[in-house]
1. Can you compute the charge dipole magnitude of the chain about its Cα centre, using +1 on each Lys and Arg Cβ and -1 on each Asp and Glu Cβ, nothing else charged? Give it in debye, rounded to the nearest 20.
2. Apply 1/(1 + (r/R0)^6) to the Cβ-Cβ distance of Ala181 and Glu137, taking R0 = 25 Å, and write down the FRET efficiency to the nearest 0.05.
3. When a footprinting reagent is the concern and you count Cβ atoms within 10 Å, what order do Val160, Val78 take, fewest first?
4. Please arrange Thr29, Thr141 by how many other C-beta atoms lie within 10 Å of their C-beta, fewest to most.
5. Counting only DSSP beta bridges with both residues in the chain, what percent are antiparallel, rounded to the nearest 5?
6. So how far apart, in nm, are the two label points at Ser167 and Arg193 if each is 7 Å from Cα heading toward Cβ?
7. Hey, rough spin-label estimate for Ala156 and Lys82, points 7 angstrom out along Cα→Cβ, what's it come to in nanometres?
8. Whole Å is fine, so just give me how far the alpha carbon centre of the stretch 127-185 lies from that of the stretch 25-93.
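Computed from the coordinates by the stated procedures, all read-outs in this text should not be read as laboratory data. These numbers come from a predicted model, not from an experiment. Cβ coordinates were reconstructed from backbone atoms using ideal geometry, including for glycine residues, and neighbour counts include every protein chain displayed.
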Amino acid sequence: MRSPLPLGILGSGKGSNFRAIANAIDAGTLHAEVRVVVSDVADAGILAFARERGVRAEYLPPGRFKTRLEPEAEDRLVALLKEAGAEWVVLAGYMRMVKAPLLDAFPRRIINIHPSLLPSFPGLEAWKQALAAGASETGCTVHYVDSGMDTGEVIAQSAVPVLPGDSPETLHARIQQAEHALYPAVLREIAER
């Protein structure tokens, strides 16, 4: 029997996509193992959830930049992931750009989920961008990570209608529901390859 797909998860927030992945693993619908969870936020909910599950949880101080890690921190991140035996890196609400050390260490093995149908509405708060643009549809995209902002090759997408009277909160909640189905499904396909 195949061994479980070894994952390293990076997140900056509550970790709802990590929870969806963990639930799929628990349910037996995703043959994977989370080896380490790393956050750039010391008190991030994703770290607390990892600890509750008995998964190695690491805070990595990001340094002085707002949108990316310091080069030394990125090198430390690569070392943490390798040391934990991660073969795939899953960005789950990770709010920093990934740079060369990580991209070079895990070529075409870093994926992200973004709350829009890329290439529409890259960057922060994509659901608010969709509302401001008057879009009738948005959704979520799982894509390979490259050096650009949400520019990597699309793996899969799930559409979500924008409903009359939607607020940023109601639209974002429906997009997250779609994310929580799509991300484990994509990882399942990767694990089965």
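1. On the way: 20 positive and 23 negative charges, 46 e Å.
For the chain, the charge dipole is close to 220 debye.
2. Details: r = 17 Å, r/R0 = 0.67.
Using R0 = 25 Å, I get an efficiency of 0.90.
3. Final ranking by Cβ density, sparse to dense: Val78, Val160.
4. Least crowded to most crowded, the residues run Thr29, Thr141.
5. Numbers: 11 of 30 bridges.
In the chain, approximately 35 percent of DSSP beta bridges are antiparallel ones.
6. Going by the 7 Å Cα→Cβ label model, 4.1 nm.
7. About 3.1 nm separates the two model spin labels.
8. Spelled out, the Cα-based centre of one part sits 23 Å from the other.
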